[in-house]
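See below for the structure under consideration.
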Amino acid sequence: MSDNGAPLAGLRVVELGTMYAAPTAGRMLRDFGADVIKVEDPRTGDYARQWIPQKDGLSLGFSRLNAGKRSVGIDLRTDEGRDLVRRLIDEADVVVESFRPGRLEDWGLGPEVLRESNPGLVIARVSGFGQTGPNRLLPGFGTVAETASGFANVNGWPDSPPTSPPFGFADSIAGLSAAMGVSMALFNRSRTGRGEVVDVALYEPLMFIIGDMFLKYTALGEVQQRIGNSTGAASPRGIYEAADGKFLSIAASNQAIAARLFAAMGRADVIDDPRYATNAARLAHNDEVQAMVIEWCKRAPRDEVLAILEKFEVVSAPVNDAADVVKDPHFQERTLVEITGNEILANTLMPGPVLHLSGYDGPVYDGVPTVGEQTREILTERLGLDDAELARLAAAGVINDGGK
């Protein structure tokens, strides 16, 4: 991978995480130049390799999170395997792990041990409920975080059951947060010379996002319920159907935009009506406001409605599906990238980095590693193992050297 201005070029990361959140953190670091070594079970690899959908036996979800990383197959359940990983970590700047709290300590790979020989090491630990607290030992996946945090209870419509999203929402936010924590710890290390532990619970970043509901309860005694597409904080706002059956979003979330929306609807007078003159008044009469917007949107096809809203500078957008996004010139230019070096995924697009830096062109996603594909390369490069030792470890089942 060419450094081409990558801010994390030269950073060495050992990823011990599986599935979603920790590999997301690893991908964030890799996106900005880090060399991420992914340690996998030598027989099965990361369970995410079994995720659906797949193309010709290759998991698309696994590919998105792990393209461009290097895979070593090492059995952490063996003494020799743990010794190999410890030696790799001695040469690393960052470890990202997602085992249940206490597992690394049981293996003799806890932070205190690792930092004895590598005091500058930054260790990002992602778990269901964090490294502290009464629930620290409970298992937790994203679905548990989405329900325990309170998110699922406020997501959906009043007459629908609590709803979790059909994607790794909590995991993704936790992974992004872990990468941010690593960046802060690395900055602090540049001043102190010492690393630290970044402790991320799956539910906490999500709880931050929905945080107003806890203030509402503790300050006002109100328990927020499901309210569909509204936020309960501003009106009008929501998703609306146009005459052609296509949907669009409108967010008139401040006074000026609300006035422009009513003008776009040919109802500039509405903003002077005491029932709709302020945000508080509109929320008190939200059903009436929504009825007006719903009726107006159904008068024309979506493209025409959006054109009018754009003319009046009303914040709005189409409700895109995957095909819409892939065809959109803006997303093609700025956001979507290809995974290269893998025939199965030729011409496959995925979202690239979550942010852009002026001095960095962005990464190349050069291939999806098979289990242990770079084991021989990395153990030779980093630890100086020779062919005989690699062959012995492979024969003993401690490593998977990619079948070489």
Query raised in the report: Can you tell me which residue in the range 255-268 is farthest from Pro318 (Cα to Cα), limited to those that are under 36 Å from the mean Cα position of the chain (by Cα) and touching a residue at least 24 places away in the same chain (Cβ under 8 Å)?
Result: Gln255
Query - Scope the range 282-312; condition within 31 Å of the chain's Cα centre (by Cα) and more than 13 Å from Glu241 (Cα to Cα); matching residues - result: Glu310
Report summary line: Exception for Ile339 within (1) assigned to a loop (DSSP other than H, G, I, E, B); (2) at pLDDT below 95; (3) surrounded by 11 or more Cβ atoms within 10 Å (Cβ to Cβ) falls at (1)
Query raised in the report: Any residue in the range 241-248 that is surrounded by 15 or more Cβ atoms within 10 Å (Cβ to Cβ), of a type in the set (Lys, Arg) and closer than 30 Å to Gly150 by Cα?
Result: no
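For residues that are of a type in the set (Ser, Thr, Tyr), crowded, with 18+ Cβ neighbours inside 10 Å and touching a strand residue (DSSP E or B) at 6+ places or on another chain (Cβ under 8 Å), scanning just the range 349-404, find the one that is modelled with the highest pLDDT. Lay out the reasoning, then the answer.
The initial filter retains those residues of the range 349-404 that are of a type in the set (Ser, Thr, Tyr), namely 358, 360, 365, 370, 375, 380.
With crowded, with 18+ Cβ neighbours inside 10 Å added as a condition, the list becomes 360, 365, 375.
Okay, now just the ones that are also touching a strand residue (DSSP E or B) at 6+ places or on another chain (Cβ under 8 Å), so 365, 375.
Numbers: Tyr365: 93, Thr375: 97.
The residue in question is Thr375.
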Query raised in the report: With (1) more than 27 Å from Asn254 (Cβ to Cβ); (2) at pLDDT 95 or above; (3) surrounded by 15 or more Cβ atoms within 10 Å (Cβ to Cβ) as the list, and Ala322 as the residue in question, which single condition is left unmet?
Result: (3)
Query raised in the report: Hey, does the range 12-35 have a residue that's over 20 Å from the mean Cα position of the chain (by Cα), farther than 21 Å from Gly341 by Cβ and touching a residue at least 60 places away in the same chain (Cβ under 8 Å)?
Result: yes
Report summary line: In the set Asp93, Asp106, Asp83, Asp35, the lone residue that is in the same structural domain as Gln374 (by TED's automatic domain parsing), crowded, with 22+ Cβ neighbours inside 10 Å, on the phi < 0 side of the Ramachandran plot and among the charged types (D, E, K, R) is Asp93
Requested in this report: Go through the range 302-319 and count every residue that is surrounded by 15 or more Cβ atoms within 10 Å (Cβ to Cβ) and over 11 Å from Leu261 (Cβ atoms).
Outcome: 4
Report task. Scan the range 345-366 for residues that are in contact (Cβ under 8 Å) with a residue 60 or more places away in the chain, in contact with a helix residue (DSSP H, G or I) (Cβ under 9 Å, 6 or more places away or on another chain) and part of a loop (DSSP other than H, G, I, E, B) and jot them down. Result -> Thr348, Gly352, Pro353, Val354, Gly362, Pro363
Query - In the range 118-166, the residues that are among the charged types (D, E, K, R) and assigned to a strand (DSSP E or B) - result: Arg125
Query - Selection within the range 299-327 - more than 15 Å from Ala264 (Cβ to Cβ) and part of a loop (DSSP other than H, G, I, E, B) - result: Pro301, Val319, Asn320, Asp321
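Condition (residue is in contact with an Asp or Glu (Cβ under 7 Å, 6 or more places away or on another chain), closer than 17 Å to Thr24 by Cα and free of Cβ contacts under 8 Å to residues at least 60 places away in the same chain) applied to the range 200-219: is it met by at least one residue?
Narrowing the range 200-219 to residues in contact with an Asp or Glu (Cβ under 7 Å, 6 or more places away or on another chain): 202, 206, 216.
Pick out the ones that are also closer than 17 Å to Thr24 by Cα and you get 202, 206.
Cutting the leftovers down to free of Cβ contacts under 8 Å to residues at least 60 places away in the same chain gives us none.
The answer is no; no qualifying residue exists.
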Report task. Would you confirm whether any residue within the range 232-243 is among the hydroxyl-bearing types (Ser, Thr, Tyr), touching a residue at least 40 places away in the same chain (Cβ under 8 Å) and out of contact with any Cys (no Cβ under 8 Å at 6 or more places or on another chain)? Result -> yes
Report task. Would you please name the residue that is farthest from Ser98 (Cα to Cα), looking only at residues in the range 40-79 that are without any contact (Cβ under 8 Å) to a residue 12 or more places away in the chain and surrounded by 16 or more Cβ atoms within 10 Å (Cβ to Cβ)? Result -> Ser59
Query - Boolean, Arg267 is more than 20 Å from Asn229 (Cβ to Cβ) and basic (Lys, Arg) - result: yes
Report summary line: Condition set in contact with a helix residue (DSSP H, G or I) (Cβ under 6 Å, 6 or more places away or on another chain) and assigned to a loop (DSSP other than H, G, I, E, B), scope the range 367-401, selection farthest from Thr44 (Cα to Cα): answer is Leu385
Requested in this report: Check off (1) touching a helix residue (DSSP H, G or I) at 6+ places or on another chain (Cβ under 8 Å); (2) at pLDDT below 95 for Val13 and give me the number that stays unchecked.
Outcome: (2)
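The values are calculated or read from the model by the stated rules, or taken from the named source; none is laboratory data. Since this is a predicted model, take the numbers as computed values, not measurements. Here the Cβ is made from the backbone with ideal geometry for all residues, glycine too, and neighbour counts use every protein chain on show.
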